[in-house]
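Asker: Sharing a structure here in structure tokens format.
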């Protein structure tokens, strides 16, 4: 009885989370110019629009540039931060860790306003580096969390063993610590890219017309002229995110036997 | 020409806690020394200081008369075998064993040859391309041992290396390590809390308690002539008997226990209250009153152990445990008997 209730409740929660996403997807294949049901007939014209219309095509390219840049930057910074925080050898390591994770909880609007003022001062407002930096701030916590978890899974005795076998500290890092942390670094990078991909609020503040990302373009397209291109773009984002999530899950699976 | 390894007045504190307390310890080249003690006795910390992972708070450590107190671990040439093996999980068995040779910049071809020879020696060649996670505990243990031996280090340090293995495998590995030690003339420092392991494998045993050495001696001496109450109780089983010294001579004494005057061995001054250690298997049980070193006893309990019997004997307020071979007589509960022993089998304890 309880088991049945659990299943029903679980299904309802899943439906609540997924139905809105499912509802939008079929509209990507509509032949009509309106984003409404019922669908008169199916076509791929909105996907065509997505890759041919300049605003959409540019926004996809922008998303890849910004996402790639933010991923690279945040992965490097986040990994270094996680390494530095490891083992709480630093004074105030706990406080520092909290600071690194702050972008996860600070309201995006606040971060956006702050970022805009800051980037204008630096002369980076409405530039690619500016947007990449702003996104990277948001992505760093994911990398820090993921790499820290991977580092925590490394048995300190393994590194000691390497030392006793004649490896100087830099070699221990290169041959033992880093290879064992790689799954965490990669899954952190995947999260970072996914975060950058669907980031809208901060992009609104710091990006100029030339750095319009896909998510940002969808946002304005809904406000200005609701066309089914939005649904097509949504489908693209969801498929992309699912692929990334699958990649992360795969890495996690491979990570386990390595730690055991 | 001093000892190969020497700890000179080494103290290690973690915060306010003194883990190793003014340790002086010398280890000869080619010796198999066990550091034996309960957990928290400082034995692992001593090993970690020798390996270079911990710095002494004071004092110095010498290797072949050279101070190594502040030498980083990777320049000490010591093979360490850890409790949980600490194999590199992302490398194959062969890569694990090749690692120390790569660190010494041995030429590629020679590495391959030496790795193969080393793995052959422990019968692991067929598994050389496996990852550690695909090996059994015993196999991992052998890889860890091979990896620590392959670069021919001056000293092998082992931190409870057999703790995670089941009993049968553990006994097998004990013999294998003992054999390696003899064949290769290695200097081995072996940390364990298992007294039977220490007794079977070592040239000498250092018994630790609360950061201090209680006794360093050969296994026989540690077992037969324990110097302190702690050693007597920690190694094997023993009967502790309280008495008063009535006569003292060179390396022997007469101690009054209840009504009986017992001849025992040990250096002690007359008039003192002392504890004696008497191993259960050294007690002889007979029916006729023996001339010397005898206590009248009553059998209070008799426990069957297959290959032997354990007898609980009462002599007034004193309770003794004795070990009797199966066919050594019929010792039903309530039997009146006489327990005797040789003077050299009963030792006066220092405290």
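Asker: Take the range B:69-101 and flag every residue that is in contact (Cβ under 8 Å) with a residue 12 or more places away in the chain, outside any loop (DSSP other than H, G, I, E, B) and either more than 30 Å from residue B:56 (Cβ to Cβ) or away from every other protein chain (no Cβ under 13 Å) (or both).
Answerer: Result: B:93, B:94, B:96, B:97, B:98, B:101.
Asker: Hey, another quick one. Quick check on the range B:133-144. Is at least one of its residues more than 19 Å from residue A:157 (Cα to Cα), crowded, with 21+ Cβ neighbours inside 10 Å and touching a helix residue (DSSP H, G or I) at 6+ places or on another chain (Cβ under 9 Å)?
Answerer: Checked the range B:133-144: no residue is more than 19 Å from residue A:157 (Cα to Cα), crowded, with 21+ Cβ neighbours inside 10 Å and touching a helix residue (DSSP H, G or I) at 6+ places or on another chain (Cβ under 9 Å).
Asker: Applying the selection to the range B:126-148, what residues are under 32 Å from the mean Cα position of the chain (by Cα) and more than 14 Å from chain A (Cβ to nearest Cβ)?
Answerer: Hits for the range B:126-148 are B:138, B:139, B:142.
Asker: Still on this structure: Please enumerate the residues belonging to the range B:32-63 that are within 24 Å of the chain's Cα centre (by Cα) and in a loop (DSSP other than H, G, I, E, B).
Answerer: Listed by number, the residues that qualify are B:37, B:38, B:39, B:40, B:41, B:42, B:52, B:53, B:54, B:56.
Asker: Another question, then. Would you check which residues across the range A:66-96 are modelled with pLDDT under 90 and closer than 17 Å to residue A:202 by Cβ and list them?
Answerer: none
Asker: For the range A:177-202, enumerate the residues that are surrounded by fewer than 23 Cβ atoms within 10 Å (Cβ to Cβ) and within 13 Å of chain B (Cβ to nearest Cβ).
Answerer: A:177, A:178, A:179, A:180, A:182
Asker: A further question follows. What residue, of A:161, A:167, is without any contact (Cβ under 8 Å) to a residue 24 or more places away in the chain, within 14 Å of chain B (Cβ to nearest Cβ) and not in a helix (DSSP H, G or I)?
Answerer: A:167
Asker: Being away from chain A (no Cβ under 12 Å) and either surrounded by 15 or more Cβ atoms within 10 Å (Cβ to Cβ) or in contact (Cβ under 8 Å) with a residue 40 or more places away in the chain (or both) is the requirement here; does residue B:111 meet it?
Answerer: Spelling it out, residue B:111 is indeed away from chain A (no Cβ under 12 Å) and either surrounded by 15 or more Cβ atoms within 10 Å (Cβ to Cβ) or in contact (Cβ under 8 Å) with a residue 40 or more places away in the chain (or both).
Asker: Is it true that some residue in the range A:231-249 is loosely packed, with under 15 Cβ neighbours inside 10 Å and under 30 Å from residue B:85 (Cβ atoms)?
Answerer: Yes: one or more hits.
Asker: Now for a different question. Name the one entry in A:9, A:29 that is at pLDDT 90 or above and more than 20 Å from the chain's Cα centre (by Cα).
Answerer: Only one candidate qualifies: A:9.
Asker: I need the full set of residues from the range B:2-31 which are part of a loop (DSSP other than H, G, I, E, B) and without any contact (Cβ under 8 Å) to a residue 24 or more places away in the chain, in order please.
Answerer: Selection gives B:15, B:16.
Asker: Next up: Give just the number: which of (1) farther than 30 Å from residue A:47 by Cα; (2) away from every other protein chain (no Cβ under 14 Å) does residue A:208 not satisfy?
Answerer: (1)
Conditions (1) within 24 Å of residue B:231 (Cα to Cα); (2) at pLDDT 85 or above, marked per residue:
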{"position": "B:267", "(1), (2)": "yes, no"}
{"position": "B:274", "(1), (2)": "yes, yes"}
{"position": "B:283", "(1), (2)": "yes, yes"}
{"position": "B:290", "(1), (2)": "no, no"}
{"position": "B:303", "(1), (2)": "no, yes"}
{"position": "B:318", "(1), (2)": "yes, yes"}
{"position": "B:321", "(1), (2)": "yes, yes"}
{"position": "B:329", "(1), (2)": "no, no"}
{"position": "B:335", "(1), (2)": "no, no"}
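Asker: Just a yes or no: is a residue in the range B:160-167 assigned to a helix (DSSP H, G or I) and modelled with pLDDT under 90?
Answerer: Scanning the range B:160-167 turns up at least one residue that is assigned to a helix (DSSP H, G or I) and modelled with pLDDT under 90.
Asker: For residue B:104, all conditions in the list (1) within 13 Å of chain A (Cβ to nearest Cβ); (2) buried (at least 17 other Cβ atoms within 10 Å of the Cβ); (3) within 16 Å of residue B:150 (Cα to Cα) hold save one; what is the number of the exception?
Answerer: Answer for residue B:104: the failing condition is (2).
Asker: To continue, here is another question. What is the number of the single condition among (1) surrounded by 19 or more Cβ atoms within 10 Å (Cβ to Cβ); (2) touching a residue at least 40 places away in the same chain (Cβ under 8 Å); (3) in a strand (DSSP E or B) that residue B:321 does not meet?
Answerer: Unmet condition: (1).
The values are calculated or read from the model by the stated rules, or taken from the named source; none is laboratory data. Note that this is a predicted model, so its numbers are computed, not measured. Positions of Cβ are backbone-derived with ideal geometry, glycine not excepted, and every protein chain shown enters the neighbour counts.
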